[in-house]
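Below: one structure, written as structure tokens.
Values quoted throughout were computed directly from the atomic coordinates according to the rules given, and no laboratory measurement underlies them. Because the structure is predicted, anything quoted here is derived from the model rather than measured. Cβ coordinates were reconstructed from backbone atoms using ideal geometry, including for glycine residues, and neighbour counts include every protein chain displayed.
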Amino acid sequence: MQVYADNAATTKISDTALQAMMPCFANYYGNPSSLHTVGQEAKEVLENARTKIAACLGCEPREIYFTSGGSEADNQAIISAARLGERKGKKHIVTTAFEHHAVLHTLMKLEKEGFTVTYLDVKHNHNVSAQQVKDAIREDTCLVTTMYANNEIGSILPIKEIGAVCKEAGVPFHTDAVQAVGHVHINVKDENIDMLSLSGHKFHGPKGVGALYCRRGLPLVNLIEGGAQERGKRAGTENLPAICGMAAALEEACAHMDENAAKVTAMRDKLIAGLSKIPHCALNGDPVNRLPGNVSFCFEGIEGESLLLLLDMKGICASSGSACTSGSLDPSHVLLAIGRIHDVAHGSLRLSLSSYNTDEEIDYILAELPGVVEYLRNMSPVWRDLLTGKRQFIL
Ligand SMILES: *Cc1c(COP(=O)(O)O)cnc(C)c1O
């Protein structure tokens, strides 16, 4: 059996999205900036896609800027707010300790330029509160950027409350909503969101395309100079097939959101209940305010990487959290941020589900995973030390 349970990394493209892309390759090959008929047909298709995305977020089409993905949208939102702030002498930014690297690394670049960043603690409930944001905002704060939902541990942040705090303080609010868009209901106006990043491939659209919502009146700086595409804020001939695929995927996701969320949540809860029975493990992430598809655990006494390899041999595709990329032995910054110590953080596993998963697959994971954990523990010197009392159990 092949089980794809790594939907937080990327998702399979939907048939609807694929079908929406085909005519863009075959028929709408014109450049949307061209004044002739073929160009103007492509322009119309482009604007239709923009309208669909705006409808799903509750904003105006002209507040949507297409980008190459979530990372670019994050970079552009943060750099734009920083440049605006710096012109007013405001160089302080509030964020959380468990943001995606697209946010964290952009902020680190700004810190080198003299910005100060407050990283909010996420140990309580593996989440942040609007009160923490309120307490962190200062006279010189030029931006609050907090993710909508965490990609590793699934916590959904109190975005509407954070938005209200920011609005009251007059501070622009950006949210990296890459994990949330298409999965939970979002309305940027109701939630007082000034800027929002999304990415097509996290909701069964194509890769390499995303969008930034930016509230009208809030200035953007362009990261890419060139032509006047995207209201002069993002140069380059538009990736029309990808944009249409993303719009179709999002429209489909929003139309079926409640039924998909109910189905995925039920599978998630079954997995969490079953895996919780494994001794010396802990659930990562907010147990209540949680993405429908996220299951994240730490298992004491094992290495997440070995677990992944053995699961892969059984046909189960999972993730150990986003760290441990080629050669790095550092555990995930997210798991450290929620208070997991190094040894425990190394034994992490993320299973991220989508509506394409089935009950049979969940049963298969539940049948196989406990045995794999036991097998690895039986081989582990750390586990032996834990059993003999040479080391203390933490979980
Ligand atoms: C995947 C992801 C990104 C990056 O999006 P890309 O389109 O791959 O650049 C940013 N933030 C979060 C929370 C993500 O999950």
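The shape of the range 67-148 can be summarised by an equivalent ellipsoid whose semi-axes, obtained from the alpha carbon gyration tensor, come to 19, 17, 10 Å from longest to shortest. Sequence-distant contacts, meaning Cα pairs under 8 Å at least 6 residues apart, place the relative contact order of the chain at 22 percent. Here the range 30-177 carries DSSP beta bridges of which approximately 10% are antiparallel, counting only pairs with both residues inside. When only Cα pairs under 8 Å and 6 or more residues apart are kept, what is the percent relative contact order across the range 240-395? Dividing the mean separation by the residue count of the range 240-395 yields 28 percent. Seen from Lys90, the other residues with C-beta closer than 14 Å to its C-beta sum to a net charge of +1, counting Lys and Arg as +1 and Asp and Glu as -1. Dipole size of the range 265-318 about its Cα centre, with +1 on Lys/Arg Cβ and -1 on Asp/Glu Cβ: approximately 280 debye, rounded to the nearest 20.
Considering only beta bridges that DSSP places wholly inside the chain, some 55 percent are antiparallel. For the chain, leaving out every one of the GluC sites (Glu not before Pro) that falls in a DSSP loop and has at most 10 other Cβ atoms within 10 Å, the longest unbroken run is 226-395.
Site pair Asn31 and Glu374 shows an inter-label distance of 6.5 nm when each label is modelled 7 Å from Cα along Cα→Cβ. Cβ-Cβ distance of Arg216 and Thr10, R₀ of 35 Å, FRET efficiency by 1/(1 + (r/R0)^6): the value works out to about 0.65.
Dividing the summed -39500 (n - 2.57) terms of all DSSP H runs of n ≥ 4 by the residue count of the chain sets its mean residue ellipticity at 222 nm at -13000 deg cm²/dmol. Using 0.36 nm per residue and subtracting the Cα-Cα separation, the extra length available between Glu60 and His105 on full extension is 13.2 nm. The length gained by stretching the chain between Gln19 and Asp121 to full extension, at 0.36 nm per residue less their Cα-Cα distance, is 32.3 nm. In sequence order, the range 109-123 has phi-based couplings of 4, 5, 4, 5, 8, x, 6, 10, 10, 9, 9, 5, 5, 10, 6 Hz under the Karplus curve 6.51 cos²θ - 1.76 cosθ + 1.60, θ = phi - 60°, and Gly or Pro positions carry x.
Karplus-derived 3J(HN,Hα) values for the range 255-263, using 6.51 cos²θ - 1.76 cosθ + 1.60 with θ = phi - 60°, are 5, 10, 4, 5, 5, 5, 4, 5, 5 Hz; glycine and proline are entered as x.
Once the Cβ-Cβ distance of Arg231 and Ala367 is raised to the sixth power relative to R0 = 51 Å, the FRET efficiency obtained is 0.45. Counting beta carbons within 10 Å around each of Ile338, Ile224, Ile156 and listing the fewest first gives the order Ile224, Ile156, Ile338. Annotation: the residues Val295, Val188, Val382, sorted from fewest to most other C-beta atoms within 10 Å of their own C-beta, follow the order Val382, Val188, Val295. Taking a straight Cα-Cα cut-off under 19 Å and skipping sequence neighbours fewer than 8 places away in the same chain, the lysines within cross-link reach of Lys202 are Lys12, Lys52, Lys263.
Sorted ascending by nearby beta carbons within 10 Å, beginning with the fewest, Val165, Val221 become Val221, Val165.
Rounded to the nearest whole Hz, the Karplus-based 3J(HN,Hα) values (6.51 cos²θ - 1.76 cosθ + 1.60, θ = phi - 60°) of the range 149-161 follow the sequence 8, 7, 6, 8, 10, x, 4, 9, 7, x, 5, 4, 5, with x at glycine and proline. If R0 equals 30 Å, the separation of the Cβ atoms of His342 and Leu223 corresponds to a calculated FRET efficiency of about 0.25. Global dimensions of the chain from alpha-carbon coordinates: Rg and Dmax equal 21.8, 78 Å. Each residue, Asp330 and Tyr356, gets one label point 7 Å from its Cα in the Cβ direction; the gap between the two is 3.2 nm. For the range 280-303, the residues whose backbone nitrogen is under 14 Å from a point 7 Å from the Cα of Leu395, taken along Cα to Cβ, are 280-285, 295-303.
Distance between the pseudo-spin-label points of Lys277 and Asp135 (7 Å out from Cα toward the beta carbon): 4.1 nm.
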